[in-house]
Amino acid sequence: KPVDLDVIRLFVQKAKERHQLLLENRTLKERLAEAGEITGIVSASQEMQELFQLIRQVATTDATVLIRGESGTGKELIARAIHDLSPRSESRFVPVNLGALPETLLESELFGYEKGAFSGASRQKSGCFELANGGTLFLDEVTEMSAKSQVDLLRVLETHEFFRLGGEKPFTTDARILAATNRDISELIEKGTFREDLYYRLNVVPVDVPALRQRRDDIPLLIEHFLGVFAIRYKRPAKVLSSEALDVLQRYDWPGNIRQLRNVMERLSVTAKGEEITVEMIPPELMSPGTSRSPQTLAAVVEQAEIEAIKKTLEECDDHRERTAKQLDISVRTLHYKMNRYGLH
């Protein structure tokens, strides 16, 4: 059959157009990064600007990153931003929530399986490490892995090789690993539930995401953003908050962080009558000053108590780390972890 030159020309033209679009997309991302903005993340606070700077630095490398922060702070958004600003941005970003997978499915989800590997395996399936090859694999809730799964992950990080379940042929992976947790890993290591060698493999570059109560200046921006999002979704005029209502929301501690704020804004977008959201429309659980000190926000209370205790003991011990750790009845490693987490340097 003769070669159709028109088809070839069209194919080449489409390839050129796709290449040009990829270049323009990367240029736009780079310009946003240079301007101090990270796509998909709404913030103007100093705490987040410092985080954006770190994101831009680590994005240019292939270093393994451990993203630490409370539930609802947007750790996956941070991981996506690192991927989007990296040289791997044209390849896949593959997120997997390890805490949501039962142990029986975790191995096949990460590494895939061969046909006949187990009952019901009627065909072979690629796992997350294969799907993310050349791109980025995001392991959320990494501290929820069992001891066996931790060993399996450590082996892949060390050798860049893995086997499909039921397979004998090794596969090589070039996936960049980003992991996340809302737990204090140093405490898990001391309890023996998380491997110290795996922690060091994952924690090449630690990235700490501040809780919403630590970046209250961003609350008005986030509220405006979410009200706009839900106005479009529900095809209604965008709501606005009265100054009194905004004051209430800014004083609240937001134990569920941005996820909780988003849910509240969606509720108000649907239920509030009229264009203005007044203080009377704010959910009762957000109104009382005592509400934000409920058992739900115990983590915030403990965090503040830890900060004060470490500061006071460091001062009493003339900034001597070993004496401070002994006085606090914790290891030096745990002290260093908490000092890094709270910025106590």
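The values are calculated or read from the model by the stated rules, or taken from the named source; none is laboratory data. This structure is a prediction, so every number in the text was calculated from the model and none was measured. Here the Cβ is made from the backbone with ideal geometry for all residues, glycine too, and neighbour counts use every protein chain on show.
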Residue in region 187-210 that is over 24 Å from Val332 (Cβ atoms) and either within 17 Å of the chain's Cα centre (by Cα) or acidic (Asp, Glu) (or both) present: yes
Output for region 251-278, where each listed residue is surrounded by fewer than 16 Cβ atoms within 10 Å (Cβ to Cβ) and without any contact (Cβ under 8 Å) to a residue 60 or more places away in the chain: Arg251, Asn263, Arg267, Val270, Thr271, Lys273, Gly274, Glu275, Glu276, Thr278
Evaluation of Leu198 against (1) of a type in the set (A, V, I, L, M); (2) touching a Leu at 6+ places or on another chain (Cβ under 6 Å); (3) part of a strand (DSSP E or B) (one fails), failing number: (3)
Output for region 132-167, where each listed residue is in a helix (DSSP H, G or I) and over 25 Å from Arg68 (Cβ atoms): Thr159
Test: residue in region 207-219 that is closer than 17 Å to Glu76 by Cβ and either in a helix (DSSP H, G or I) or in contact with a Gly (Cβ under 6 Å, 6 or more places away or on another chain) (or both): yes
Out of Thr193, Thr136, sole residue that is on the phi < 0 side of the Ramachandran plot, hydroxyl-bearing (Ser, Thr, Tyr) and surrounded by fewer than 20 Cβ atoms within 10 Å (Cβ to Cβ): Thr193
Residue count, region 119-129 (criterion: assigned to a loop (DSSP other than H, G, I, E, B) and within 26 Å of Leu157 (Cα to Cα)): 2
From Ala231, Ala238, Ala272, Ala245, residue being touching a Pro at 6+ places or on another chain (Cβ under 7 Å) and either farther than 18 Å from Ser43 by Cα or not β-branched (Val, Ile, Thr) (or both): Ala231
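Quick check, is Ala245 touching a strand residue (DSSP E or B) at 6+ places or on another chain (Cβ under 7 Å), modelled with pLDDT under 95 and either more than 30 Å from Tyr337 (Cβ to Cβ) or not in a helix (DSSP H, G or I) (or both)?
Yes.
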Of all residues making up region 52-106, the number that are in a helix (DSSP H, G or I), of a type outside the set (Asp, Glu) and in contact (Cβ under 8 Å) with a residue 60 or more places away in the chain: 8
Selected residue (only one of Leu105, Leu110 is among the hydrophobic types (A, V, I, L, M, F, W, C) and either under 30 Å from Arg56 (Cβ atoms) or touching a helix residue (DSSP H, G or I) at 6+ places or on another chain (Cβ under 6 Å) (or both)): Leu110
Answer residue from region 281-317, given it is in a helix (DSSP H, G or I) and of a type in the set (Gly, Ala, Ser) and is modelled with the highest pLDDT among those: Ala309
Meets criteria (within 24 Å of Val156 (Cα to Cα), of a type outside the set (Asp, Glu) and surrounded by fewer than 18 Cβ atoms within 10 Å (Cβ to Cβ)) for Thr172: yes
Leu110 surrounded by fewer than 21 Cβ atoms within 10 Å (Cβ to Cβ) and either over 11 Å from the mean Cα position of the chain (by Cα) or assigned to a helix (DSSP H, G or I) (or both): no
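How many residues, within region 186-212, are basic (Lys, Arg) and modelled with pLDDT of 95 or more?
Within region 186-212, residues that are basic (Lys, Arg) and modelled with pLDDT of 95 or more number 2.
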